[in-house]
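Inspection log for the structure reproduced underneath, given as structure tokens.
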Amino acid sequence: MVSTHHSEEDARNDSILIWVNGTLKPRSEALISVYDSGFMLGDGVWEGLRLYEGRWAFVDDHMDRLFEAAKAIDLDIGLTRAQIVAALEETQRANGMHTDAHARLMVTRGIKTRPFQHPKLSQSGPTIAIIMEHSKPDIPRPIRLATVPHLRGLPMTQDPKLNSHSKLNCILACIAAEKAGADEALMLDIHGFVNTTNACNFFIVRKGEVWTSTGDYCMNGITRQKVIDLCRANGIPLFEKNFSLVDTYSADEAFLTGTFGAQTPVAVIDGRVIGTGTLGPMTSKIRALYKNLIAQTD
């Protein structure tokens, strides 16, 4: 199977330093307590960031999303935005990274006094960890998707916009897709409209138009929003709308967006070849626009 997070093997990752609560530790020593809220209950939020030529792409957007998510789950990060960014840069320097690196920034509610659910049992403050790896995307072919029964749900259950540690719904979707012979899962919303995959946001191209979901039930992807903005700024018709699997199967192109892979083409959905089954011209154009945006970002 191929994943949208598939990367080249890099031996340097065996000796990375990981930032844990203000201390840089070798990979083998970067440990979290079994009483940690994230390990025990998936109680926490996280961000994935990508390093391009010494700069963390769209770092302000990622900080916005991190602090909004923390507030939504009533989690006090205990550090300012500037301190979080400084921790990223410290970890980057310690690992000698300049480009083609990926950071997983995780914040949990911290260590619990007893192994039960109530958040008041987390009394030692948050746990913050930054895993930073040398990571160059290596996706050898367009992705194959399979539609699964697992839905992107309502905000009053678990808001799908939250980048939370509780990812079991998406993991089960991924397992179902793999058992169906696909790389990732295409997930519908509660109304049966096409929404997102288990790991990335989803777009199709039809007759020169780019379509994506309304955004009501998908992750509020930063790369997704950049693609939307780029299309609108460059005269590409872009619609956030409800659309069905029928619309999807007959699309000219389909692609996924995410921090790691940027824009990943989709070849097959539920056994139907999408367009030519290769990287399409619209996806190529959007890739070029996104690459230029990255280069221009301070």
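The values are calculated or read from the model by the stated rules, or taken from the named source; none is laboratory data. This one's a predicted model, so the numbers in the text were calculated from it and none came from an experiment. Methodologically, a virtual Cβ is constructed for each residue, glycine included, from the backbone with ideal geometry; neighbour enumeration extends over all protein chains shown.
To keep it simple, each residue is scored yes or no on (1) modelled with pLDDT under 95; (2) buried (at least 17 other Cβ atoms within 10 Å of the Cβ); (3) out of contact with any His (no Cβ under 6 Å at 6 or more places or on another chain); (4) at positive phi.
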site	(1), (2), (3), (4)
4	yes, yes, yes, no
15	no, no, yes, no
23	no, no, yes, no
51	no, yes, yes, no
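Given the criteria of a type in the set (A, V, I, L, M, F, W, C), out of contact with any His (no Cβ under 7 Å at 6 or more places or on another chain) and not assigned by TED's automatic domain parsing to the domain that holds residue 55, does residue 260 qualify? Against the criterion (of a type in the set (A, V, I, L, M, F, W, C), out of contact with any His (no Cβ under 7 Å at 6 or more places or on another chain) and not assigned by TED's automatic domain parsing to the domain that holds residue 55), residue 260 does not qualify. Selection within region 131-152: residues that are in contact with a His (Cβ under 6 Å, 6 or more places away or on another chain) and not in a strand (DSSP E or B). The member of this set that is surrounded by the fewest Cβ atoms within 10 Å (Cβ to Cβ) is 138. Restricting to region 49-81, name every residue that is more than 19 Å from residue 38 (Cβ to Cβ) and of a type in the set (Gly, Ala, Ser). Residues satisfying the conditions are 54, 57. Selection of region 207-222 for residues being touching a Gly at 6+ places or on another chain (Cβ under 8 Å) and free of Cβ contacts under 8 Å to residues at least 40 places away in the same chain yields only 221.
Only one of 176, 180 is modelled with pLDDT of 95 or more, over 19 Å from the mean Cα position of the chain (by Cα), more than 30 Å from residue 28 (Cα to Cα) and crowded, with 18+ Cβ neighbours inside 10 Å. Can you tell me which?
None of the other options fit; the residue is 176.
Answer yes if at least one residue in region 194-205 is out of contact with any strand residue (DSSP E or B) (no Cβ under 7 Å at 6 or more places or on another chain) and either of a type outside the set (A, V, I, L, M, F, W, C) or surrounded by fewer than 21 Cβ atoms within 10 Å (Cβ to Cβ) (or both), and no otherwise.
No, there is no match, as no residue in region 194-205 is out of contact with any strand residue (DSSP E or B) (no Cβ under 7 Å at 6 or more places or on another chain) and either of a type outside the set (A, V, I, L, M, F, W, C) or surrounded by fewer than 21 Cβ atoms within 10 Å (Cβ to Cβ) (or both).
Just so you know, in region 27-45 the residues that are touching a Gly at 6+ places or on another chain (Cβ under 9 Å) and either in a strand (DSSP E or B) or not assigned by TED's automatic domain parsing to the domain that holds residue 95 (or both) include one that is farthest from residue 97 (Cα to Cα), and it is 36. Within region 7-26, the set of residues being under 24 Å from residue 138 (Cβ atoms) and in a strand (DSSP E or B) comprises 7, 17, 18. Residue 242 - would you say it is within 20 Å of residue 144 (Cβ to Cβ) and touching a Ser or Thr at 6+ places or on another chain (Cβ under 9 Å)? Against the criterion (within 20 Å of residue 144 (Cβ to Cβ) and touching a Ser or Thr at 6+ places or on another chain (Cβ under 9 Å)), residue 242 does not qualify. Only residues that are part of a helix (DSSP H, G or I), buried (at least 17 other Cβ atoms within 10 Å of the Cβ) and more than 18 Å from the chain's Cα centre (by Cα): list them for region 206-240, please. Listed by number, the residues that qualify are 230, 231. For first residues located in region 1-26 and basic (Lys, Arg), partners that are modelled with pLDDT of 90 or more and buried (at least 18 other Cβ atoms within 10 Å of the Cβ) and lie 6+ apart or on another chain with Cβ distances below 7 Å form the pairs 12/134; 25/17; 25/18. Taking the condition of being polar (S, T, N, Q) and in contact with an Asp or Glu (Cβ under 9 Å, 6 or more places away or on another chain), how many residues in region 3-28 meet it? Looking only at that region, the number is 4. Among the residues of this structure, residue 288 counts as one that is more than 24 Å from residue 193 (Cα to Cα), in the same structural domain as residue 199 (by TED's automatic domain parsing) and modelled with pLDDT of 95 or more.
Checking each residue in region 46-76 for being assigned to a loop (DSSP other than H, G, I, E, B) and touching a strand residue (DSSP E or B) at 6+ places or on another chain (Cβ under 9 Å) picks out 57, 58, 73, 75.
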